[in-house]
1. With a/c under 1.5 counting as rounded, go ahead and sort segment 170-307 into rounded, prolate or oblate using the C-alpha gyration tensor (a ≥ b ≥ c being the square roots of the eigenvalues; past the cut-off, prolate if a/b is larger than b/c, else oblate).
2. Using +1 at the C-beta of Lys and Arg and -1 at the C-beta of Asp and Glu, which of HIS113, TYR535, SER502 has the Cα lying farthest in the positive direction of the dipole of the chain?
3. Assuming R0 = 35 Å, can you tell me the calculated FRET efficiency for the pair VAL573 and ARG245, based on Cβ-Cβ distance, to the nearest 0.05?
4. With an 8 Å cut-off on Cα pairs and a minimum separation of 6 or more residues, tell me the relative contact order of segment 149-287 in percent.
5. List the lysines whose Cα lies under 21 Å from the Cα of LYS628, skipping any in the same chain that are fewer than 8 positions away.
6. What does the charge dipole of segment 452-570 about its Cα centre add up to, to the nearest 20 debye, if the Cβ of each Lys and Arg holds +1 and the Cβ of each Asp and Glu holds -1?
7. How would TYR155, TYR548 line up by accessible area, probe 1.4 Å, largest first?
8. Any idea what the relative contact order of the chain is, in percent, if you count C-alpha pairs under 8 Å spaced at least 6 apart?
Amino acid sequence: MPSYISAPPAAPAYYPHIDGLRALAVVAVVVFHTFPQALPGGFAGVDIFFVISGYLITGILLRALDAGSFSLASFYARRVRRIFPALLVVMAATLVLGWLLMLPEELSQLGRHAAGGAGFVANFLFWHESGYFDNSAETKPFLHLWSLGVEEQFYIAWPLLLCLLSRWRRAFVPVTLLLALASFGYSVYAALHAPDAAFYSPASRFWELAVGGLLAWWHTYHPPRTTPAPVWTLAAAIAIASAFRLIDKTSLFPGYWALLPVAGTTVLLAAGPAATLNASLFRLAPVTWLGRISYPLYLWHWPLLSFAHILQGGNVAEAVLWSALALSVLLAWLTCVVVEGRLRFAMQGKPALPVALAALLCALGGFGFQLYRMDGVPQRELLSLSRYLPMAATAPSVAATAPAPVAAVLPAAVPVALTQAAILPDTPATALALQRLRAMRAADYHYVGRLQLERNRIERYHSCHLMDIESAPSSFADYYAGHADCITLAPQRRNVLVYGDSAAAELHAALVRAYPDVNFLQITGSACKPFQAAYRNKEHYCVRQLAYAQQFAASHKLDGVVVASAWQDDFRVAREDLQRFRAAGHPVLLAGPPLTFSDNLAMAMLRLDRKQSLAAIAQNMLEPSALKHADAMHAFALENRFGYLNRLQLYCEGGCPLISPKGVPLILDHFHLSPQGVELLADRIRSSQVLEHQLWLGQGG
């Protein structure tokens, strides 16, 4: 028996170090959600929870099976007593806050998620919602319930498997190991080929709970008696710390990366209570206290942070974040003392109470589903709290005053100018436009949604613009052969290829309107960064679409290639792929990032009360990084002799317009324009004569 493994005795007991591990997991998750830059891999704390859960629950099941006292009814009653009380309180409070504070679209979505959370299938809902135009994660107060869904789905099958294998005890390890390896293999594959499925699917997480189960089996039937060497717990701590620092949102997760938190947690659990780290840090009173409130803290923290994001347009003041954090801890403690400490333990020996709790959760889910069916009850009066919250500090920004041909399209001889953008100040016309927007929305609840559908139509979604990985073709040559209007050259006209993501699809629509005498071809895909280095999976549909676009450019005579994207600070690694377009003999025009906001601007307009300033709210939501990227991209374009269109500066010449006089939002979400916004951008492109100034369409004609 390995000397580095020790364990508790078979009888149930309280082990402070397990609460210490829970504290580590919940702190990592909460810090990641509150200050993501501080702990980019903090979401791996959920994987720590999975291993702990598999370990504890499997131990309970094995002891009950050995004692001949196991029954599915008692097992699920125990799960209800453990999970439901705090969950009911948090879900009910969140729905009440949603009723008071959310717009109908938001409340409708919240109701749908409440129904999914109550049925423990939230992970499947979020899996299928995770698209490029889906609301940002921060606006989904029940998003964190995906992990409860995965866990409870595991515990539907796991007790049945253990019952089946109880007659053949020796088969437990090979069968569980085989299933865990299959799950891990799927996790690795899906992380590369279907990242949304990898994150939310129970099949890709089964192995994490099963690893805890395997350790519980070992401790139950082979209880070790030695104290582990400190080096093992140190290595485990390093593995977990490395996961928190090295993993981020771009990592292929869970996949191989999940081995770090899973292996680290498994070793710390295997080491037992006498191990150096477990007997010191993880036994400290403040640490174990956090561990005891970890479940309600996990439940409370995300809805509070989510409402802060919703009310402040995604750009949350630091004071608000800290306040939400403190309130989460307070509510978690109260929930632990009042709900879990008194109510849950008062239910011991009362078989009707778990049934009543299950009925209450079903009723809450049913209420959520009704909110979804009723479109979020549009006739509600909202409680406005936004103006009472402190605003986040924002970088100052001045309105652009230079004429477009100079400010937006600088020739190579002119030094790079600083991109400037300021929201147009509020005027009486702004108040009238907002009033008209509210009236149109009151007459047609789906007004903003219809604008989005019309935008999708003019930008040729689901034909020239691919939406997601599920709709990606196996052969782009065959696909575009069936959508010939996307790439058909016009012999008597100039032919220009537009390539990139949804920002490129949007620019294509504007260019078509600005230059009706030019034939603009379109090869675009949602969230497709225009360079291969962004993708570790070289079979990703965006990589294959880029390869097709480059091959198309190399085999056809074009008058130019326009490459556009919602660029961030990653454009420099695109040099090689951009040069491939130029190597085919085509001038290349880079289009800079669009005007970008921290949250859905159209929803922020609808949320405004009559005492709030649209300009102030929008300025607070403005992402200053887009301005920096626009300037850096211009320098990059000059350095590499690419043409450059400063889209942000062009749109914001003289001030950034947000709403038309008729009350139509010009920007519908973080940056995507409405059809009217596309028309405005087209007018400014036309007046700037950007293509002529770049001298790759105007030459010779």
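The values are calculated or read from the model by the stated rules, or taken from the named source; none is laboratory data. What you see is a predicted model; the values in this text were computed from it and never measured. Note that we place each Cβ from the backbone using ideal geometry, even for glycine, and neighbour counts take in every protein chain shown. Side chains are part of the model used for accessible areas, which takes the heavy atoms of the whole protein and leaves out ligands, DNA and RNA. Shrake-Rupley method; radii C 1.70, N 1.55, O 1.52, S 1.80 Å.
1. Values: a/c = 1.73, a/b = 1.12, b/c = 1.55.
Cα axes put segment 170-307 in the oblate bin.
2. Of HIS113, TYR535, SER502, it is HIS113.
3. Working: r = 22 Å, r/R0 = 0.63.
For VAL573 and ARG245, the calculated efficiency is 0.95.
4. Numbers: 125 pairs, mean separation 34.7, N = 139.
This gives 25 percent for segment 149-287.
5. LYS529
6. Numbers: 11 positive and 13 negative charges, 52 e Å.
It comes to approximately 260 debye.
7. On the way: TYR155 0, TYR548 30 Å².
Ranked from most to least accessible, the order is TYR548, TYR155.
8. Values: 1160 pairs, mean separation 120.7, N = 701.
Relative contact order, the chain: 17 percent.
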